[in-house]
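Notes to accompany the following structure.
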Amino acid sequence: MVVQEFFHLPVFLFLLALLHSVSTQYNSDTREVSIFGMMLQNHIFKTITGAALSDVCLLECYRDVRCQSFNYVFTQDKCELSDRTKEARPEDFVPNSERYYFRRDMKRAHLGAIPELPADSCKEIKSSEGGQAVSGKYWLNFIKPDTPVLAHCDMKTEGTFDLKTNGRSGRFGIKQTFTVTRTTCYLIRAWGARGGTHSYNYGDSRGTYYGGKGALKENNFFLNNGTVLNIVVGQRGGDSVEVVGGQSTNKTAAQLGVSVEDNAGTGGGGGSFVYTEDNVLLLAAGGGGGASGGYNGVDGQVGSNGTRSVGKASSQARNGGTDGQPGECNSEGASYHGGVGAGWLGQGCTRLGTSHGERGGSLAQGWIGGRAGGMNSGNNGGPAPGAVGGFGGGGGGSEDNGASGGGGGYSGGGSGTHSNQAGGGGGSFCSGQSCSGLTGGNSNDDGLVQIIEFLG
């Protein structure tokens, strides 16, 4: 594709003299550049018809402080004013044979500099303004729906502090800390982790079944300078790994050319937690339950209670915890139970033996995930550690002929007593009156905690 550029120097000089009185943060580049055969879509806020010359579009763009660029439709004598540039939204800059694109350079307000032009994120500002983007206060529109909020953007961090698993996986993780550096309001979001996957190619209902997704929970908090927050980021529950035949090996089923056992369990996903040094809980997001033969795990819940396991026989299901408690105690010995998800106030009952899935650990246990049943731990099919519960209180999955683990959370997810029982999702918690969230709101495997500083 050949891209042609046209420079409107006479129009630029005329309008520079005419329109010099706008007073806010503006770019002051030296020329306007049009790009033939291209357009910016999805950001048009005003259309002007009857524009026989593109210079009319240029003048109209200069008259509106929101205008960042425009498309000129020369086949229809029409202007399309946009509130973004191709630098801010390169994914929306597309070919179009009837248009050319023009970026406003003269007297163009920085994205986020004025409330009429709020940005979607600090990262978008950085993309839009490039090297001219400096750390400071900007107007953002994602903190409060439909209400621009003045927020601090650190362009090194792009204004958002994302606390992740940092490459860790399985039942072990670390408690992270975040120190507040400014007395103001903060938007804090937490996502729980997904439960483990179960995939097998023989027996009843052969196929792939997925762990429940983690929940999302968020709220605004006013925090004082120097406050230290403890952050637990939930980790994904482990997949079933025990291979058919019970052989001793650390090779995977795929490497051996065989299937995973059809009734092996999987681990529940860990919950994510934000709490103070005095153990005052601000947010918790429930993890998803582990999948089982024929059943997907239950999603982490936006409500405070964990859910019941789900499966073939309702009599073999067990309840999730309520009001900060772990999942219901499992004492079934005829087959292998899964490990229940931990709650904020404690962990569940001890497993009956090493073939069963283990309970997830709570605050006092350092949020460790539950161990998998012995033959589903990586020594009878890998990789190790197998179907463990995810860090953040997820319950471990049993070995073959047993149930999967419940998700960790404010209240733990339940786990069944027999095979074909997928784990229940963990519950969530939010301190305050303006909380929001979503059951199964995390489309990623691992959890995440996000902290955004703002003034409002």
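Couple of notes before you dig in:
- Near pairs, Cβ below 9 angstrom, 6+ apart or cross-chain, from the range 108-133 (part of a loop (DSSP other than H, G, I, E, B)) to any residue that is among the polar types (S, T, N, Q) and buried (at least 21 other Cβ atoms within 10 Å of the Cβ): His110/Ser128; Leu111/Gln68; Leu111/Thr85; Leu111/Ser128; Gly112/Ser128; Leu117/Gln68
- Within the option set Leu352, Leu345, being surrounded by fewer than 23 Cβ atoms within 10 Å (Cβ to Cβ), touching a helix residue (DSSP H, G or I) at 6+ places or on another chain (Cβ under 9 Å) and not hydroxyl-bearing (Ser, Thr, Tyr) holds for one residue only, Leu345.
- Unmet criterion (only one of (1) basic (Lys, Arg); (2) more than 30 Å from Gln421 (Cα to Cα); (3) in a loop (DSSP other than H, G, I, E, B)) for Arg168: (2)
- From Gly170, Gly212, Gly192, Gly203, residue being at positive phi, buried (at least 19 other Cβ atoms within 10 Å of the Cβ) and touching a residue at least 40 places away in the same chain (Cβ under 8 Å): Gly170
- Within the range 200-239, being farther than 17 Å from Ile368 by Cα, among the aliphatic types (A, V, I, L, M) and in a loop (DSSP other than H, G, I, E, B) holds for one residue alone: Ala215.
- Within the range 57-73, one or more residues are loosely packed, with under 15 Cβ neighbours inside 10 Å, farther than 30 Å from Ser434 by Cβ and more than 26 Å from the chain's Cα centre (by Cα).
- Any chance Thr85 is among the polar types (S, T, N, Q), in a loop (DSSP other than H, G, I, E, B) and in contact with a Lys or Arg (Cβ under 8 Å, 6 or more places away or on another chain): yes
- Selected residue [without any contact (Cβ under 8 Å) to a residue 40 or more places away in the chain, in the same structural domain as Thr227 (by the TED database) and either in contact with a helix residue (DSSP H, G or I) (Cβ under 7 Å, 6 or more places away or on another chain) or open to solvent by 10 Å² or more (accessible area, probe 1.4 Å) (or both)] from Gln450, Gln433: Gln433
- Counted residues, the range 263-283 - those being in a loop (DSSP other than H, G, I, E, B) and either open to solvent by less than 30 Å² (accessible area, probe 1.4 Å) or among the hydrophobic types (A, V, I, L, M, F, W, C) (or both): 9
The values are calculated or read from the model by the stated rules, or taken from the named source; none is laboratory data. A quick note: this is a predicted structure, and the numbers were derived from the prediction, not measured. Cβ atoms come from the backbone with ideal geometry, glycine included; neighbour counts cover every protein chain shown. The area values use the complete protein model at the heavy-atom level, side chains included, leaving out ligands, DNA and RNA. Shrake-Rupley method; radii C 1.70, N 1.55, O 1.52, S 1.80 Å.
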